[in-house]
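Please read the structure below before turning to the comments.
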Amino acid sequence: MESKLSKEKIVQAAFQLLTENPELEKLSMRKVAQKLNVKAPAIYWHVENKQALLQSMAEEIENHFIPPKPQETWKETIYAYMENYYELYQQYPCAIEIEIQTIPSYPSRLRNLDAILSILNKAGFSIELSYMTITSLQHLLFGMLLDSAEEKKLYNKVMSGDDYLKKQIILMKQYVQDHKLNNISESIQYRQKEKQKDFFMKTLRVFLNGLDTFV
């Protein structure tokens with residue numbers, strides 16, 4: 001079985017492990033070997049270490065990104081790029097953590113980054129402002145998805161019977177009500193009814209509209 005081992009199988013096994021338990025820090029080469037029913041040393045013939053594994057996983061994610069067709073304006077094209085990245089990262093467990101912990105040294109990522117920078121540059125942005133824009137967009141996407149993932153973990157703990165977290169929710173709601181913090185109350189209601197992707201796309205639109213003053 002070890003003779004049939006490949007980097008592709010190792011990467012897929014790693015993603016399967018994260019699907020079963022989405023905690024990247026607990027992923028190990030030993031667990032990947034166990035998943036593949038091989039001895040741990042066999043893994044190292046194809047993947048040097050865990051960092052190399054993460055790099056290969058990040059590349060696997062990026063290789064499935066579908067660049068959008070050019071839209072009528074640069075703004076709509078960037079909007080489409082970010083929507084596609086949002087959809088991409090939803091398909092893989094711990095995708096954002098993997099991206100954050102790796103270096104974008106693989107061809108597909110570099111080509112896509114260069115394409116976005118080119119769109120902004122052709123729209124009249126300087127290289128400096130283009131870089132600032134793409135970095136800010138990445139932070140917006142990563143931050144929102146990470147926050148959502150952590151919130152889901154807390155929700156699951158509450159649903160599993162974590163009395164301390166339940167108490168904190170009650171205290172929060174009670175304070176907002178007692179002190180008539182109406183703005184927070186309305187914000188909570190909005191957040192509860194708004195879908196995550198819709199919220200991200202609206203926030204993205206606000207950000208992109210704000211860039212009009214620079215071109």
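The values are calculated or read from the model by the stated rules, or taken from the named source; none is laboratory data. Because the structure is predicted, anything quoted here is derived from the model rather than measured. Glycine gets a Cβ as well: all are built from the backbone with ideal geometry, and neighbour counts include every protein chain shown. Only protein heavy atoms, including side chains, enter the accessible area calculation; ligands, DNA and RNA are left aside. Shrake-Rupley method; radii C 1.70, N 1.55, O 1.52, S 1.80 Å.
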Working only within segment 179-209, note down all residues that are closer than 16 Å to Glu87 by Cβ and among the hydrophobic types (A, V, I, L, M, F, W, C). Phe199, Phe200, Met201, Leu204
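Per-residue answers, yes or no, for (1) within 30 Å of Ile116 (Cα to Cα); (2) of a type in the set (Val, Ile, Thr); (3) open to solvent by less than 90 Å² (accessible area, probe 1.4 Å):
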residue	(1), (2), (3)
Lys9	no, no, no
Glu23	no, no, yes
Leu36	no, no, yes
Gln55	yes, no, yes
Glu59	yes, no, yes
Glu72	yes, no, no
Tyr79	yes, no, yes
Glu87	yes, no, yes
Condition set under 15 Å from Ile188 (Cβ atoms) and under 27 Å from the mean Cα position of the chain (by Cα), scope segment 155-170, selection modelled with the highest pLDDT: answer is Ile169
Considering only segment 20-104, give the helices (runs of 4 or more DSSP H) lying wholly within it that have at least 1 residues that are free of Cβ contacts under 8 Å to residues at least 60 places away in the same chain and over 14 Å from the mean Cα position of the chain (by Cα). 29-36, 40-43, 50-62, 74-90
Considering every residue within segment 189-196, establish whether at least one is in contact with a helix residue (DSSP H, G or I) (Cβ under 7 Å, 6 or more places away or on another chain) and modelled with pLDDT of 95 or more. no
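Residues checked against (1) more than 20 Å from Met144 (Cα to Cα); (2) in the same structural domain as Gln196 (by the TED database); (3) touching a Pro at 6+ places or on another chain (Cβ under 6 Å); (4) of a type outside the set (A, V, I, L, M, F, W, C):
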residue: Asn37; (1), (2), (3), (4): yes, no, no, yes
residue: Tyr44; (1), (2), (3), (4): yes, no, no, yes
residue: Ala58; (1), (2), (3), (4): no, no, no, no
residue: Ile61; (1), (2), (3), (4): no, no, no, no
residue: Gln71; (1), (2), (3), (4): yes, yes, no, yes
residue: Glu76; (1), (2), (3), (4): yes, yes, no, yes
residue: Ala80; (1), (2), (3), (4): no, yes, yes, no
